[in-house]
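A short worksheet on the structure shown next.
The values are calculated or read from the model by the stated rules, or taken from the named source; none is laboratory data. What you see is a predicted model, and the numbers here were worked out from it, not measured in a lab. As a convention, Cβ positions derive from the backbone with ideal geometry for all residues, glycine included, and neighbour counts pool all protein chains shown.
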Amino acid sequence: MGLISNKISRDELTPGDHIYSWRNALHSYAHHGIYVGDEGDGEVIHFTRPRTKSEILLGCSGPSKQCLTCISCRERSRDRSTFSGVISSCLDCFLDGGELYRYEYNVSRVAFVAKTIGGTCTLAPSDPPEDVLFRAKHLLSSEKGFGDYKLFKNNCESFALYCKTGLVVSEKFGKANSVSAASCAVWCAGLVISLAGLPMVDYAIDYSYGRLESDIARKGREDVKKVPVEDLVAICQCNEQN
């Protein structure tokens, strides 16, 4: 596990892995998903933001500025072209030209705090691959099964974390929140200060411990519980109707 990211080769992938790919050079935003298939084009199930009308017409994937180029992914996304949600695509379309990284689970507190960038690991242990894949596939088959996409509270990292752990933040039935996007502003502010020739150590320390406080498996956290995927789908559909 590196200090910044957990880059791997495709040969290292196994079904049930939580994978991600950085979408900019600052490593402040990544797209996350669950790797499903180790044959053919390698299926990935992931949670996407709403697409614009122009993206729908061009066949573009939700979290990317690029368009889906392979025929199989265009066919996969056709039935879900009018709303955001859980979709399936091949590994190449998921990566969108970026590098492949694997999210780390059950890391120590020391390793967690040592990470210079969030959205790469968690203290929480992963459930067995069969449970991870069951959750991902069940949410894929359920329209609006993971609720509405929200940049900071219900995003692609939230989806992958839930598939891997089954953990849900109980307050208002929210999902296990990611912290990489929410802490992006702190990281970028620290980077600006560093470029200006001022120390960034205090900002890095606050950033790391802020992530630790927000981690879904932090000791003493009482607002997190394990929720079966069938119950989560029912909750999200009920919220949609209300």
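Of the residues making up the range 122-153, those that are surrounded by fewer than 22 Cβ atoms within 10 Å (Cβ to Cβ), touching a residue at least 12 places away in the same chain (Cβ under 8 Å) and closer than 21 Å to residue 211 by Cα number 7. Within the range 155-173, the set of residues being over 13 Å from residue 226 (Cβ atoms) and touching a residue at least 24 places away in the same chain (Cβ under 8 Å) comprises 155, 156, 157, 158, 159, 160, 171, 173. Scanning the range 151-191 for residues that are out of contact with any Gly (no Cβ under 7 Å at 6 or more places or on another chain) and modelled with pLDDT of 85 or more gives 155, 158, 159, 161, 162, 163, 164, 165, 166, 167, 168. Quick check on the range 214-232. Is at least one of its residues under 22 Å from residue 101 (Cβ atoms), modelled with pLDDT of 60 or more and either over 22 Å from the mean Cα position of the chain (by Cα) or of a type in the set (Lys, Arg) (or both)? Looking for residues that are under 22 Å from residue 101 (Cβ atoms), modelled with pLDDT of 60 or more and either over 22 Å from the mean Cα position of the chain (by Cα) or of a type in the set (Lys, Arg) (or both), one finds none in the range 214-232, hence no.
Considering only residues that are of a type in the set (S, T, N, Q) and more than 17 Å from residue 31 (Cβ to Cβ), look in the range 97-121 and name the one that is surrounded by the most Cβ atoms within 10 Å (Cβ to Cβ). If we take residues in the range 97-121 being of a type in the set (S, T, N, Q) and more than 17 Å from residue 31 (Cβ to Cβ), then 116 is surrounded by the most Cβ atoms within 10 Å (Cβ to Cβ). Counted as qualifying within the range 36-138 are the helices (runs of 4 or more DSSP H) with 2 or more residues that are at pLDDT below 85, namely 53-58, 71-78, 109-114.
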